[in-house]
1. Take residue 57 and decide whether it is outside any helix (DSSP H, G or I) and surrounded by 17 or more Cβ atoms within 10 Å (Cβ to Cβ).
2. Across region 151-176, what is the number of residues that are outside any helix (DSSP H, G or I) and either touching a residue at least 40 places away in the same chain (Cβ under 8 Å) or among the small types (Gly, Ala, Ser) (or both)?
3. Condition (residue is closer than 30 Å to residue 212 by Cα and open to solvent by less than 10 Å² (accessible area, probe 1.4 Å)) applied to region 91-106: is it met by at least one residue?
4. Kindly establish whether residue 253 is on the phi < 0 side of the Ramachandran plot, of a type outside the set (Ser, Thr, Tyr), open to solvent by 10 Å² or more (accessible area, probe 1.4 Å) and free of Cβ contacts under 8 Å to residues at least 12 places away in the same chain.
5. Assuming residue 16 fulfils every condition listed in (1) over 24 Å from residue 260 (Cα atoms); (2) at pLDDT below 95; (3) open to solvent by less than 30 Å² (accessible area, probe 1.4 Å) apart from one, which condition is it?
6. Residues in region 518-540 that are more than 26 Å from the chain's Cα centre (by Cα) and open to solvent by 10 Å² or more (accessible area, probe 1.4 Å): how many?
7. Which of (1) open to solvent by 10 Å² or more (accessible area, probe 1.4 Å); (2) of a type outside the set (A, V, I, L, M); (3) not in a helix (DSSP H, G or I) does residue 41 not meet, given it meets every other one?
8. Hey, among 269, 243, which residue is open to solvent by 70 Å² or more (accessible area, probe 1.4 Å), in a helix (DSSP H, G or I) and among the β-branched types (Val, Ile, Thr)?
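The values are calculated or read from the model by the stated rules, or taken from the named source; none is laboratory data. Just so you know, these numbers come straight off a predicted model, no measurement behind them. Cβ placement follows ideal geometry from the backbone for every residue including glycine, while neighbour counts extend to all protein chains displayed. Ligands, DNA and RNA are stripped out before the accessible areas are found, and what is left, the full protein with its side chains, is counted by its heavy atoms. Shrake-Rupley method; radii C 1.70, N 1.55, O 1.52, S 1.80 Å.
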Amino acid sequence: MTEPFTPVRPHARFAGLDGLRAIAVALVVVYHLFPGGWLKSGFIGVDVFFVISGFLITSLLLRERAATGRIALVAFWRRRARRLLPALALLVTATATWAWFVGGDVLVRLGRQVLGAGTFSYNWVSAAGGADYFSADTPELLRNLWSLAVEEQFYVVWPLVLPLLLLVPRRWARAMVALVLAGASAAWMATVVSSGAGSATRAYFGTDTHAFGLLLGVALAVGLQRVLSDAPAWMLRRRTRWTGGIVGVAAVAALFAIALLPEMPDAATFPGTLLAGSIVAAVAVVAGAVPGSWIGRALDVPPLRWIGDRSYGLYLWHWPVLVLVAAGVGVNAGADDVPVWIGLVVLVLTVLLAALSYRFVEQPVRRLGLRGSLRRLGGYLGGHSAAARTKALGMVLAGALVLAGTTAAIAAAPAESSGQLVVAAGRRALADNAAPRPPLLPEGAPADARQADGAGDAPATLRAVVDGRQIDAIGDSVMLASAPALMARYPGIHIDAKVSRSMWVAPGMLRKLADRGALREYVVLGLGTNGAIAPHLLDEVMAAIGPQRRLVLVTAFAPRSWIAGVNKTLTAFAEGHPHAHIADWSAAIRPHENLLAGDHIHPGEAGGRIFASVVADAIAALQLAQAQQRERMMLRAAQLGAELPADAAAA
């Protein structure tokens, strides 16, 4: 009969880790709550957490194996469950109930989100459902749980894999294996990101593509196992300790510097910035954890340690609270211009909720376990103190209410957001009423034949009212949502609109239509929602449509940082080109934001009519300018004829 096993608990904490946790959670929280601030890449705080988790969990498992000769899997998983699940269950049920009261888009696909949270698979469930982590459109309530899912999967799998790594005979060789795997994960992320549109979320959420931080932490733990437990004499020398401390300070400063870098939707950020943050975090972990480190003690000053102890709760609560508070006041939590006062309110609520969760949920369950906590609650219910019974009864009732609220919220959750619904309606309208393109003309066909339907190299004779068959409209999802109104205003208009389309595709599309002789007289471009516009693209657009056609540029309206620059570029271009005119959708819809979907981007039916109206105004202005130009030309021709001698005029 074997002796009962008692799990090994570390007799001392690694110095500096609480302070690094505090820095990590601060980077993430500031990045989300104050998106217009300087921390454009504050999301690297998640990668700092990954490095710490890989290092700490591996170190604890190695200590346990060294002390007992084995790893008690069930005991390990039980400790992880005690640490993670109570706060997670409270967060999910409380915020789901809150979302039920708020209603609207915050409930979208809530059932799937709760399923992902409860099965440690949120990252995969969300990615498989087409979620976009980097989109400002209707962010998911529990979106931040993707990283928790990655860590939970690591906690489940890594204790099973670690014994295989320990079969490698040398510590340095084990560390090299972990480093090679980390490099492979980062390379795989770069490959996935480069594979096409929408792949950035898959690369960011994937456990396989985002495991390099965890593996860097593993490499530290296995490579420095002996050094961290029994430091050699040279590491304790004053010069060595000061050098290590200076390196640690530089690493912490580098973390903040990396967090200032702009986010790019390619391998420069994914994995470039993330990998740089992970490497710097690994250096900071070593600098703080080595015996005798003064930077480790400096990082663990009481304020940072307090935040570090509650960093899990702070991370859990900050994003759902932001989504719910923003929705309650009619703001999109994913917007680049979330008001500072909302960020401050959410920050206060987050700290309060995390502190309460830590004090009344996380710590009691970690000390007593789930069953022990339930027994204590039962003791309070049956106790002699009226105050204790009232307190316990209130806790039971609160638990029952949030469970009921969660059930009601899941039942009421729509499958699509209001923005997706209006875009889908526009897509259906286009499919039902698509205007066919003019037929291709044979070589040598006369120009006037090509003008019969408003297409060709030269415009048809100016008409009193522009016909829809004279208009080509190319746009993004905003134009797609407005398609029913555009088709009602201009029967026969040809609309080519697509979600996530940007101005970069416009020159090529227009050249192909012009080369086929199928490009119409008026070209409407609504392509400013999904990214900045380089002025040379507009020059290419004008060259593609030629001097005989007219261009309408629709300004953009969305809670995104580049919109102001886009509208400035479009306006400046139109002012310098007489054949171009602005359709100021931004100015027209701003007083009527209530006509937009919950994402504050896509118009509903009434908003679509405003979109069609501003396009019509721009076309009318171009038509008027064209008529005035024709009149000036005719007047000038008449004046020249009057100035000629009689015989020349007769000729």
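1. No; evaluated as a whole, the condition is false for this residue.
2. Count: 1.
3. Quick first cut of region 91-106, residues closer than 30 Å to residue 212 by Cα only: 91-92.
Keeping just the survivors that are open to solvent by less than 10 Å² (accessible area, probe 1.4 Å) gives 91.
Yes.
4. Judged against the criteria, residue 253 is a match.
5. Of the numbered conditions (1) over 24 Å from residue 260 (Cα atoms); (2) at pLDDT below 95; (3) open to solvent by less than 30 Å² (accessible area, probe 1.4 Å), the odd one out for residue 16 is (1).
6. 4
7. Going through the list (1) open to solvent by 10 Å² or more (accessible area, probe 1.4 Å); (2) of a type outside the set (A, V, I, L, M); (3) not in a helix (DSSP H, G or I), residue 41 breaks only (1).
8. Going through 269, 243 in turn, the sole match is 243.
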